[in-house]
Amino acid sequence: MKIFNENDTESEEDGDSENDEVNNAEWFSPKDGVQWRKTKFRQNIRTRCHSIVSRLPGTKGTAKDVTSPVKSWELFIDDNVMQLIVDCTNIFNEKCAPHFSRERNERARKKDPLEIRAYE
């Protein structure tokens, strides 16, 4: 079994069996072939600059103050977009109104923003 590390070269591959015994003492590998180290790596190694977390993950800006799903929805759907949804819904309902038998049918009635928000 060959263990690869930074010091390995092609010439070391033909080494004696003593190196294999030393490597087997530091590592073990179960049947699936994954190699596990028996001892911990050094803990006093300096953390690389690209590994340092400078900003914590999470929401930013106005989304940071959101406390409910409705408030989150309002970040995406503002009053202008809501009015557009209401207008398009009412246009669709006007086109479909002749197909309903009763005039007071719930579906054919004009909607307002408050009623659309009730579906949130």
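What follows is calculated from the coordinates using simple rules that are stated; it is not laboratory data. Just so we're clear, the structure is a prediction, and the values are computed from it rather than from any experiment. As a convention, Cβ positions derive from the backbone with ideal geometry for all residues, glycine included, and neighbour counts pool all protein chains shown.
Applying a DSSP loop filter and a limit of 11 other Cβ atoms within 10 Å to the trypsin sites (Lys or Arg not before Pro) in the range 31-67 leaves 31, 38, 40, 42, 46, 48, 55, 60. Show which lysines lie in cross-link reach of residue 111 when reach means a straight Cα distance below 25 angstrom and same-chain residues fewer than eight apart are skipped. Within the straight-line cut-off, residue 111 pairs with 71, 95.
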